[in-house]
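Undergrad: Please read through the structure below; I'll follow up with questions.
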Amino acid sequence: MIKLYIDWISQPSRAVKAVLDILKVPHEVKALKIQFDEHKSPEFTAIHPLQQLPLLQDGDFTVAESHNIMRYIIKQRNISTNLYPLTDIRQQTRIDQYLDYHHTNTRRCLHLYHSVLISPIKGEKVIPEVLEKEKQDVAKVFQYFESNWLKGRNYICGDQATLADISACCEMMQLDLIKFDFQKYPITNAWLNRVIRIPEVYQAHHVAFKIIKKQNPSSQFLK
C-alpha cells in the first residue's frame, strides 16, 4: 500500500491528502511533526535526504513535491478525473500554469503566517519592514486572484475544482490562523468557501481547525 508522509499543519501535505481521498486511492498516513524536527530523523532522512514533506512511497518508488505527487497518482493509475483530466491537454496546461505560479506567488502566504504566528512563538525578531512587505505580497496575490484567476469563473481553471484549487485553498487557509480578513476579497472569499467545503478538503484541515478554534474562534470556516 502507498505510504504518505505528511505534517497535518503543512499546507502542501493537506492538499495531497485531500486529493488522495477524493480519488479514493488507498494509502497509509505517516504523520510527522515538523515542529519537533521529526522530518529530520535518521529514518526519514534515509528515505528522503531533503527532509521535506509531503512524501509518497509507492512500493520501491519515492515521489516528492506535492504537485508532482498529485499528478503522479493520477497518471500512474490512469484515473479519470476533472482534477487533472488526462485526455485534455489544454486543461492540463491551465492547471499546470497555476501550479507553477503557486510556488513563487500564493506560497507567500506562508511567509506572513510565519512572521505573525510562528516567529513570536520561537522568540524570533520580526522586522517591521519585512512584515509590511509580506503583507503587501499577500495582498497582491489576492488581488490577482480577484482580477485574473477567478475572473468570470467559479474555479481557477473553469467551472470545476482541479488540483489548482485544492493547492491554493490549502495554502490560503493557513492565513485563517492569523485572522486574515478574507472578506476584503469577495470573489476569492466566495471561491475559498466553495473549495474548503469539499468534504475531503475540509477533513484534511481537521488538525488545523483545532488550532483555528483557539486562535480565531470566529472564523467563517468553522462548522
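Undergrad: Can you sort VAL207, VAL141, VAL25, VAL19 by how many other beta carbons sit within 10 Å, fewest first?
TA: Exposure proxy ranking, most exposed first: VAL207, VAL25, VAL141, VAL19.
Undergrad: Between ASP96 and ILE211, 0.36 nm times their residue separation minus their Cα-Cα distance comes to what?
TA: Result: 38.3 nm gained on full extension.
Undergrad: Determine the percent antiparallel among the DSSP beta bridges restricted to the range 2-76, to the nearest 5.
TA: Around 60 percent of the beta bridges assigned by DSSP in the range 2-76 are antiparallel ones.
Undergrad: While we're looking at this one, here's another question. Mind listing the phi-derived Karplus ³J(HN,Hα) values for the range 108-125, rounded to whole Hz, using 6.51, -1.76 and 1.60 with θ = phi - 60°, and x for any glycine or proline?
TA: Per residue, the Karplus-derived 3J(HN,Hα) values read 5, 4, 4, 4, 5, 4, 5, 5, 7, 10, 7, 4, x, 5, 7, x, 7, 6 Hz.
Undergrad: Suppose only helical runs count, i.e. DSSP H with n ≥ 4. What mean residue ellipticity at 222 nm does that imply for the chain under -39500 (n - 2.57) per run, divided by all residues and rounded to the nearest 500 deg cm²/dmol?
TA: My calculation for the chain gives -14500 deg cm²/dmol from helical runs alone.
Undergrad: From the backbone phi of the range 84-97, what are the Karplus-calculated ³J(HN,Hα) couplings (6.51 cos²θ - 1.76 cosθ + 1.60, θ = phi - 60°) in whole Hz, Gly and Pro given as x?
TA: The phi angles translate into 6, x, 5, 9, 10, 5, 6, 5, 4, 5, 4, 5, 4, 4 Hz.
Undergrad: Next question. Reachable lysines from LYS3, Cα under 17 Å, same-chain residues fewer than 8 places away excluded?
TA: Straight-distance partners of LYS3: LYS17, LYS24, LYS30, LYS33.
Undergrad: Here's something else I'd like to know. Fully extended, how many nm does the chain gain between PHE61 and GLN143 (0.36 nm per residue separation, minus their Cα-Cα distance)?
TA: 25.5 nm
Undergrad: Under a Cβ-Cβ cut-off of 12 Å, what is the net charge of the residues other than LYS3 that fall near it, where Lys and Arg count +1 and Asp and Glu count -1?
TA: In short, -2.
Undergrad: Under the rule a/c < 1.5 gives rounded, and otherwise a/b versus b/c splits prolate from oblate, where does the chain land using the Cα gyration tensor?
TA: It comes out oblate by the Cα gyration axes.
Undergrad: Percent antiparallel among DSSP beta bridges with both residues in the chain, to the nearest 5?
TA: So the antiparallel bridges in the chain amount to around 60 percent.
Undergrad: What does the charge add up to near LYS133, with Lys and Arg as +1, Asp and Glu as -1, over the other residues with Cβ less than 14 Å from its Cβ?
TA: Local charge sum for LYS133: -1.
Undergrad: In percent, what relative contact order does the chain have, based on Cα pairs under 8 Å that are 6 or more apart in sequence?
TA: 23 percent
Undergrad: What percent does the relative contact order of the range 89-215 come to when contacts are Cα pairs within less than 8 Å and at least six residues apart?
TA: After rounding, I find 29 percent.
Undergrad: Here's something else I'd like to know. Expressed as a whole number of Å, what is the distance separating the alpha-carbon centroids of the range 31-62 and the range 145-223?
TA: The distance from the Cα centre of the range 145-223 to that of the range 31-62 comes to 27 Å.
Undergrad: I need the phi-derived Karplus couplings for the range 37-53: 6.51 cos²θ - 1.76 cosθ + 1.60, θ = phi - 60°, integer Hz, Gly and Pro marked x.
TA: Per-residue couplings from phi come out as 6, 5, 6, 9, 5, x, 5, 6, 4, 5, 7, 9, x, 6, 6, 10, 10 Hz.
Only the coordinates and a few stated rules stand behind these numbers; no lab work does. The structure displayed is predicted, hence computed values, not measured ones. Reconstructed Cβ throughout: ideal geometry from the backbone, glycine too, with neighbour counts over all protein chains shown.
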